[in-house]
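The values are calculated or read from the model by the stated rules, or taken from the named source; none is laboratory data. Model, not experiment: these values are computed from the prediction. Methodologically, a virtual Cβ is constructed for each residue, glycine included, from the backbone with ideal geometry; neighbour enumeration extends over all protein chains shown. Areas reflect the complete protein model, heavy atoms only, side chains present, ligands, DNA and RNA absent. Shrake-Rupley method; radii C 1.70, N 1.55, O 1.52, S 1.80 Å.
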Amino acid sequence: MFDDATHFNVCPNCNFVWDNRADFLDDSEVTIIGYQVHFKMLETGLFLFNHSCKGTFSLEVSAFNDLYDGPVFVERATGSDSCPGHCLHESLLEPCPAQCECAYVREIIRLLQK
């Protein structure tokens, strides 16, 4: 039986193993395709990825929080005039211009896209 507790992630489709996050981030066979927000606990929101084997999987925002070192706003702007609504659409991965609590996650997405 395969024990994935010692690895960063395992593709559920082909069982490809990424031993650590650096290997995962360097893998050109992985593409971020979406983000499912969790407004009450942003760290438990999910980034959605495709692997070249046609597998799709998710990882929590918390696995990548430390990649971002900018400001994190205290208030959420969702539903306000300054909110473009990106978080409400899973496949919209653009950065958010609003001074919103969720904006830092959009910056992490930008880093993951590189």
Q: Answer yes or no: is there a residue in the stretch 79-90 that is within 20 Å of His7 (Cα to Cα) and in contact with a helix residue (DSSP H, G or I) (Cβ under 9 Å, 6 or more places away or on another chain).
A: no
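Yes or no, residue by residue, for (1) under 14 Å from the mean Cα position of the chain (by Cα); (2) acidic (Asp, Glu); (3) under 13 Å from Val105 (Cβ atoms):
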| residue | (1), (2), (3) |
| --- | --- |
| Phe24 | yes, no, no |
| Ser28 | no, no, no |
| Leu42 | yes, no, yes |
| Phe64 | yes, no, yes |
| Asp69 | no, yes, no |
Q: Hey, could you check the stretch 32-75 for residues that are touching a residue at least 12 places away in the same chain (Cβ under 8 Å) and among the acidic types (Asp, Glu) and say which is most open to solvent (accessible area, probe 1.4 Å)?
A: Glu75
**Q.** Search result, residues across the stretch 1-58 that are β-branched (Val, Ile, Thr) and under 30 Å from Glu101 (Cβ atoms)
**A.** Val30, Thr31, Ile32, Ile33, Val37, Thr44, Thr56
Q: Sort out which residues of the stretch 51-96 are hydrophobic (A, V, I, L, M, F, W, C) and closer than 19 Å to Ile33 by Cα, and write them in order of number.
A: Cys53, Phe57, Leu59, Val61, Ala63, Phe64, Leu67, Cys87, Leu88, Leu92, Leu93, Cys96
Q. Can Val17 be described as surrounded by 13 or more Cβ atoms within 10 Å (Cβ to Cβ), over 9 Å from the mean Cα position of the chain (by Cα), modelled with pLDDT under 95 and on the phi < 0 side of the Ramachandran plot?
A. no
Q: Among residues belonging to the stretch 76-109 that are open to solvent by 80 Å² or more (accessible area, probe 1.4 Å) and not hydrophobic (A, V, I, L, M, F, W, C), point out the one that is farthest from Thr31 (Cα to Cα).
A: Asp81
Q) Does Leu25 satisfy the condition of being out of contact with any strand residue (DSSP E or B) (no Cβ under 6 Å at 6 or more places or on another chain), among the hydrophobic types (A, V, I, L, M, F, W, C), open to solvent by 60 Å² or more (accessible area, probe 1.4 Å) and without any contact (Cβ under 8 Å) to a residue 60 or more places away in the chain? A) no
